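So the structure is just underneath, and the comments pick up after that.
The values are calculated or read from the model by the stated rules, or taken from the named source; none is laboratory data. The shown structure was predicted, so the numbers you read here are calculated from the model rather than taken from an experiment. When we count neighbours, we look across all protein chains shown, and the Cβ atoms used for this are built from the backbone with ideal geometry, even at glycine.
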Amino acid sequence: MLGKMMSQPLLIPAVLEHAARFHRETEIVSRREDGGLHRYTYGEAARRSRRLANALVALGLTPGQRVGTLAWNGFRHLELYYAVPGAGFVCHTINPRLFPEQIRFIINDADDQYVFVDPDFVPLLEKIAPGLPGVQGYVIMTERSRMPATTLPGALCYEELIGGMPDQFVWPLLDENTASGMCYTSGTTGNPKGVLYSHRSTVLHAMAGGRSEVFGLSSRDVVMPVVPMFHVNSWGLPYCAPMAGAKLVLPGGRLDGASLAELIREEGVTVSAGVPTVWLSLLDHADKAQDTLAPLSRVLIGGSAAPARMMERFDALGIQPIHAWGMTETSPVVTVATLTPRHDALSPDERMGLRIKQGAALFGAEMRIVGYDGVEQPWDGATSGMLEVRGPWICSGYFSEDDGQAFSPDGWFVTGDICTITPDGFMEIVDRAKDVIKSGGEWISSIALENVAIGHPAVREAAAIGRPDEKWGERPRLVLVLREGARLTAEELREYLAPRIAKWWMPDDFVLAETLPHTATGKLLKMELRRLYRAPDHPDARPL
Ligand code: AMP
């Protein structure tokens, strides 16, 4: 027998309409490119999103088509977050920090029909536009007077595009499983893969994220997502904040400690979220400027492991740091390391030991660890296994290239993180099966780096591994075997690599080796390489 309750679909525009109705005057403050601030309210954001939805329909888009964005956190990006999926299209947020060739691949793979771009990223897009045959047009996210001169074919001005449009739009009553957003993961081997969110997954994830052990939002909060809107929907905050009626502060492209501290102070930010690298620069600024960062009271730290020292520095300022784990494929939040009353009796050291783990699963998501033999491992805090997760905001497949390898035979998503779980459910990442390096919250593909390096005539074999780095989490180190009789200086190798990789992919140092460890099938044994060469001050790390 079915229950007799309404099956009202969970749809994204309802979130903004809720905020516009019940928190109409609550502000959204955005940092502009020129450093100034733009301010408006949820009421205005909803009106302009409806205008944008009319404009998208007028452009001739058909249901399900993808609209790309290359933009910082700002009010126009927020409007796209609502209008694109609300009108039945898919909002594809593109990471501008990727190498241009990867961006070209991603836009073509997603088959983006239009790309909305911040003026900052116009030069980047101009470089790849000739290789984007499917894109029908570009929209520069600015007003007429600030339009840059551009070679982008038929570039439109955002404000002109929406200016003449009505501010009424009837959001279609979509199936809640309709695709709403898209974000590529560039971390795993091979080409980047598209993760396709739905209205339902997005709304459920945002409802979970608002809970007290995660963002814990109310209408008294002022929320500043530092995590970019091109990284897994800014961890859901652009949805969580309007749901709760919290004021939103969008920091644009200025993510240095001083600029963030200014927004915290001037706009009264109480809750924020970002990767450890960002927090390090904020904490260093706070130390130097003797700034208490008031009224900031909670920060979510994720994307890379939060070091104990960082947690202590936040504690000392009276700010609660919350360590969380997630992935692009998981919307992203799955676990948070929030202590509960059963931990009250523990010593400060024991409590810190738990707080720096990745934490317990939120209701709605499930996790397990599995051994190489496919057998589920015990939650004893010592036995490790591959972390697998499932739940309504976890992906069930990839957009185009899907070999199904990321899923277990019974349908769990295989994360690539090797973890332990304590008896009371605190998960900790102890290693990584995926062959990637995470630096400042962004992925460096070690395989791509190795392939470029072995293109050099003096290099016989190369292995890229991440070595721990206080500021960036990890930095790439290249372990090299040279061809017999070959000579190579670090300077020569750097010169060779520079035009072939993104600037921030450049290895910090090189290690020469006689041989590299391999598996029986000839693959590099990355875990062994990490064991041998990971130490930050490895004795063999030197200029070639
Ligand atoms: P992404 O899809 O780019 O968000 O990257 C997800 C991956 O980042 C995870 O599978 C982990 O390897 C890593 N990661 C995310 N959060 C954490 C964390 N709190 N601690 C350690 N690694 C993390």
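Conditions: (1) away from the ligand (no atom under 16 Å from the Cβ); (2) not in a helix (DSSP H, G or I). Residue 213 meets all but one. Number of the miss? Of everything listed in (1) away from the ligand (no atom under 16 Å from the Cβ); (2) not in a helix (DSSP H, G or I), residue 213 misses just condition (1). Only one of the numbered conditions (1) within 11 Å of the ligand (Cβ to nearest atom); (2) surrounded by fewer than 24 Cβ atoms within 10 Å (Cβ to Cβ) is not met by residue 312, and that is (1).
Within this structure, residue 164 passes the test of being more than 24 Å from residue 332 (Cα to Cα), more than 16 Å from the ligand (Cβ to nearest atom), without any contact (Cβ under 8 Å) to a residue 60 or more places away in the chain and over 22 Å from the mean Cα position of the chain (by Cα). Filter region 393-418 down to the residues that are within 14 Å of the ligand (Cβ to nearest atom) and among the hydrophobic types (A, V, I, L, M, F, W, C) and list them by number. The answer is 393, 394, 395, 406, 413, 414, 418. Filtered by the rule that a residue be under 23 Å from residue 489 (Cβ atoms), within 15 Å of the ligand (Cβ to nearest atom) and polar (S, T, N, Q), region 440-471 gives a lone residue, 446.
On the stretch given as region 216-226, residues that are within 16 Å of the ligand (Cβ to nearest atom) and assigned to a loop (DSSP other than H, G, I, E, B) total 1. Among the residues of region 227-240, those identified as within 15 Å of the ligand (Cβ to nearest atom) and in contact (Cβ under 8 Å) with a residue 60 or more places away in the chain are 227, 228, 229, 230, 231, 232, 233, 234, 235, 236. Of the residues that make up region 280-290, is at least one touching a Pro at 6+ places or on another chain (Cβ under 8 Å), more than 15 Å from the ligand (Cβ to nearest atom) and not in a loop (DSSP other than H, G, I, E, B)? So far as region 280-290 goes, no, none of its residues is touching a Pro at 6+ places or on another chain (Cβ under 8 Å), more than 15 Å from the ligand (Cβ to nearest atom) and not in a loop (DSSP other than H, G, I, E, B). Considering only region 451-481, how many residues are in contact (Cβ under 8 Å) with a residue 40 or more places away in the chain and farther than 30 Å from residue 282 by Cα? Selection size over region 451-481: 8. Can you say whether residue 384 is over 21 Å from residue 524 (Cα atoms) and in contact (Cβ under 8 Å) with a residue 40 or more places away in the chain, as far as the supplied structure shows? Here the answer is yes, as residue 384 does meet what is asked.
One residue alone among 184, 239, 197 is under 24 Å from residue 120 (Cβ atoms), aromatic (Phe, Trp, Tyr) and touching a helix residue (DSSP H, G or I) at 6+ places or on another chain (Cβ under 9 Å), and that residue is 184. Just one of the listed residues (437, 421) is free of Cβ contacts under 8 Å to residues at least 60 places away in the same chain, touching a helix residue (DSSP H, G or I) at 6+ places or on another chain (Cβ under 7 Å), of a type in the set (A, V, I, L, M) and within 15 Å of the ligand (Cβ to nearest atom), namely 437.
Checked against (1) out of contact with any Pro (no Cβ under 6 Å at 6 or more places or on another chain); (2) buried (at least 20 other Cβ atoms within 10 Å of the Cβ), residue 81 passes all but a single condition, namely (1). Would region 335-354 turn up any residue that is buried (at least 16 other Cβ atoms within 10 Å of the Cβ), under 30 Å from residue 402 (Cβ atoms) and assigned by TED's automatic domain parsing to the domain that holds residue 420? Checking region 335-354: at least one residue is buried (at least 16 other Cβ atoms within 10 Å of the Cβ), under 30 Å from residue 402 (Cβ atoms) and assigned by TED's automatic domain parsing to the domain that holds residue 420.
Across region 498-526, the qualifying residues are those that are among the small types (Gly, Ala, Ser) and within 29 Å of the chain's Cα centre (by Cα), and the one among them that is surrounded by the fewest Cβ atoms within 10 Å (Cβ to Cβ) is 498. Within region 292-305, take every residue that is within 20 Å of residue 261 (Cα to Cα) and crowded, with 19+ Cβ neighbours inside 10 Å and give me the one that is farthest from the ligand (Cβ to nearest atom). So, considering only residues that are within 20 Å of residue 261 (Cα to Cα) and crowded, with 19+ Cβ neighbours inside 10 Å, the one farthest from the ligand (Cβ to nearest atom) is 293. In a residue-by-residue description of region 55-66, the property of being surrounded by fewer than 20 Cβ atoms within 10 Å (Cβ to Cβ), in the same structural domain as residue 242 (by TED's automatic domain parsing), on the phi < 0 side of the Ramachandran plot and of a type in the set (Gly, Ala, Ser) applies to at least one position.
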